[in-house]
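Take a look at the structure set out below.
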Amino acid sequence: MSIKKLMLLYVMVALLPFLANSQNRKLSKKTTGKGAFAFGVYPDLFHDAGYSNADIDSKLAKAYHDVFEGPNKVYFEVGDSMAYVSDVKNHDARTEGLSYGMMIAVQLNKKDVFDRIWRWSKKYLQHQDGPREGYFAWSINPQTMKRNSEGSASDGELYFVTDLLFASNRWGNNTGINYYGEARRILDAMWKKDGAGNIHPLINMEAKQISFVPEGKGYEWTDPSYHLPAFYEVWALYAKDGHEQFYRDCADTARMFLHRACDPVTGLNPDNTYFTGKPFGWGRMQPAFRFDSWRVPMNIAMDYVWFGKDKTWQQAYAKRIQNFLRSKGINDFDDQFNTDGTTPEFVLPAGGVKKLRHSLGLVATSAAASLMITDNTKFDFLRPLWNAKLEPYSDNYFDPYYDGLLYVFSLMHLSGKYQLIKPQTN
């Protein structure tokens, strides 16, 4: 070997560690932003804040017990094989809560609870024929079994499909319910809707955004809290119905929509908007950040953790909304605002009670936004949530349904237990 070749070989050997590090840096740069779907690692912010695994598990177990099993539960079993989740203060069962109950059940591997809720929802709420075939009536009185509406609220179907795809991935389709087949039935029904009978797809096909309701004028506007880009990504992965690119487009459109719908200073979003993100209201119900809106910080945090495709904006959003709420008192902020942060003239009643309060539901979802905080304030909203209790307020108002379900969801997110469920493999 010549001296020149020997020197070249020596230089290459010396450079190997640097080249390897350089390649790792390239790989790291390439994979940054792919989120937990790519890496399988879900942040446990409670643990990072210093709480023990035993205390975290106990906290979540108690919350689940209170909502599903305790004296103030909202989950009620019917016979040997069915159950429903009720908005007890409004005396109904709605697809919102039923689908939330199923999501909690599949995440926590409670198959019997999941199956019971699904059987009840399918039997009593799913339309089996007519223009609405495959869709669900959004509300029913569980005492009289009279439907309060035949129409659908699009977020219910959005959750049902995702619930069922996760159940298929977790438990397979040969244990009594063909979860995948049930998910496809809803999706396939959606794709057949063409406006006949004034019934449309759940997603406005032109805007590639979820509609407020898939019928009449409600097809032409939306609710920001229905925008869950992470769920569309799940559909693209597991629905396998030939519309994968459309669902990915919907995910990206939802992310861009949220940029427009959330105030650039306060981070607050109105309950309802046009597809442009412009606020939409009617009568006394002028646009404001109210009950539906509470879900948006949690939804954005889910997309951030699972897929990480919009991290820069999402991190800035989390700082904005938490800074605004902090400015109103981290232990005192109200639960309704105009999007500029002022107090709305019209306060939307909850369960017949018209009052601003420091609500557990918003305490919970604003804490979930901490998953997107990267500086030393990331634990500020966790501690108030940790210390909060699902119990009546000082004026005896109590909402174990909406407050309770958002509380459980947020505890799951912040402990790394709300995950994208992939197909199980041996």
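The values are calculated or read from the model by the stated rules, or taken from the named source; none is laboratory data. Quick caveat, the model's predicted, so the values are computed rather than measured. Virtual Cβ from ideal backbone geometry, glycine too; neighbours counted across all protein chains shown. For the accessible areas, the whole protein counts, side chains as well, though only heavy atoms, and no ligand, DNA or RNA atoms are used. Shrake-Rupley method; radii C 1.70, N 1.55, O 1.52, S 1.80 Å.
Within region 124-144, the presence of at least one residue that is assigned to a helix (DSSP H, G or I), in contact (Cβ under 8 Å) with a residue 12 or more places away in the chain and surrounded by fewer than 20 Cβ atoms within 10 Å (Cβ to Cβ) is confirmed.
Quick grid of which residues meet (1) open to solvent by 50 Å² or more (accessible area, probe 1.4 Å); (2) within 23 Å of residue 279 (Cβ to Cβ); (3) among the aliphatic types (A, V, I, L, M):
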{"site": "305", "(1), (2), (3)": "no, no, yes"}
{"site": "318", "(1), (2), (3)": "no, yes, yes"}
{"site": "332", "(1), (2), (3)": "yes, no, no"}
{"site": "335", "(1), (2), (3)": "no, yes, no"}
{"site": "356", "(1), (2), (3)": "no, yes, yes"}
{"site": "366", "(1), (2), (3)": "no, yes, no"}
{"site": "376", "(1), (2), (3)": "yes, no, no"}
{"site": "385", "(1), (2), (3)": "no, no, yes"}
{"site": "392", "(1), (2), (3)": "yes, no, no"}
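Scanning region 223-255 for residues that are hydroxyl-bearing (Ser, Thr, Tyr) and over 16 Å from the mean Cα position of the chain (by Cα) turns up 238, 247, 253.
Do we find a residue being more than 18 Å from residue 424 (Cβ to Cβ), small (Gly, Ala, Ser) and open to solvent by less than 30 Å² (accessible area, probe 1.4 Å) anywhere in region 157-179? No: region 157-179 contains no residue that is more than 18 Å from residue 424 (Cβ to Cβ), small (Gly, Ala, Ser) and open to solvent by less than 30 Å² (accessible area, probe 1.4 Å). Residues in region 174-202 that are in contact (Cβ under 8 Å) with a residue 24 or more places away in the chain, assigned to a loop (DSSP other than H, G, I, E, B) and either within 23 Å of residue 237 (Cβ to Cβ) or in contact with a Phe, Trp or Tyr (Cβ under 6 Å, 6 or more places away or on another chain) (or both): 175, 177, 202. Taking the criterion of being over 18 Å from residue 45 (Cβ atoms), open to solvent by less than 40 Å² (accessible area, probe 1.4 Å) and assigned to a helix (DSSP H, G or I), the only residue of region 320-330 that qualifies is 324. Residue 92 satisfies every condition listed in (1) open to solvent by less than 10 Å² (accessible area, probe 1.4 Å); (2) closer than 27 Å to residue 230 by Cβ except (2). Residue check: residue 374 meets all listed conditions (1) in contact with a helix residue (DSSP H, G or I) (Cβ under 7 Å, 6 or more places away or on another chain); (2) under 30 Å from residue 286 (Cα atoms); (3) of a type in the set (Ser, Thr, Tyr) but one, namely (2).
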